[in-house]
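Okay, so here's the structure we're looking at.
The values are calculated or read from the model by the stated rules, or taken from the named source; none is laboratory data. These figures come from a predicted structure and were not determined experimentally. Reconstructed Cβ throughout: ideal geometry from the backbone, glycine too, with neighbour counts over all protein chains shown. The area values use the complete protein model at the heavy-atom level, side chains included, leaving out ligands, DNA and RNA. Shrake-Rupley method; radii C 1.70, N 1.55, O 1.52, S 1.80 Å.
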Amino acid sequence: MASNNIPYMSVPGSITKILEKIKEAGTPENFNADFLSTKLGFKGGNYRTFISWAKKTQLLNSDGTPTLLYKKFRNPTTSKVSLATAIKNGYTELYSRNEYCHELDKKGFKGLVMEATG
């Protein structure tokens, strides 16, 4: 069965840029489009898809409030582990098909995504 729950962004390189800005900014009460554009400097609809991505990876709660995982991501000593956890949270479908999907080459990973999404 094909999955529509795999998080993605139309501008994939922006995930890294936004995550780096999150580390520099204070933790908001609510991570919304205003915070993304005003505090982090990412304006426009393409960047707003980050909010959905962050919810699916459990960095944000469904109401936009930052989770404990978000706060751990901001901490330099727990940042890498928390990001790995977030990726596994968001891409459960891929990890259930191949627990080492993060080690696949580009062609193998693309095939796995195509298999999962139909």
(message) For the stretch 109-118, give me the residue count where each residue is outside any helix (DSSP H, G or I) and either within 17 Å of T57 (Cα to Cα) or open to solvent by less than 60 Å² (accessible area, probe 1.4 Å) (or both).
(response) 0
(message) When you check A86 against the structure, is it at pLDDT 95 or above and either in contact with a strand residue (DSSP E or B) (Cβ under 7 Å, 6 or more places away or on another chain) or under 20 Å from S10 (Cα atoms) (or both), yes or no?
(response) yes
(request) Might you let me know whether the stretch 45-56 holds any residue that is open to solvent by 90 Å² or more (accessible area, probe 1.4 Å) and in a helix (DSSP H, G or I)? (result) yes
(message) Just to be sure I understand, how many residues within the stretch 73-108 are assigned to a loop (DSSP other than H, G, I, E, B) and within 13 Å of N5 (Cα to Cα)?
(response) 1
(request) State whether one or more residues within the stretch 58-67 are without any contact (Cβ under 8 Å) to a residue 40 or more places away in the chain, out of contact with any Asp or Glu (no Cβ under 9 Å at 6 or more places or on another chain) and assigned to a helix (DSSP H, G or I). (result) no
(message) Return the residues of the stretch 3-17 that are among the small types (G, A, S) and open to solvent by 20 Å² or more (accessible area, probe 1.4 Å); say none if nothing qualifies.
(response) S10, G13
(request) Could you list all residues from the stretch 18-35 that are within 20 Å of N89 (Cβ to Cβ), assigned to a helix (DSSP H, G or I) and open to solvent by less than 60 Å² (accessible area, probe 1.4 Å)? (result) I18, L19, I22
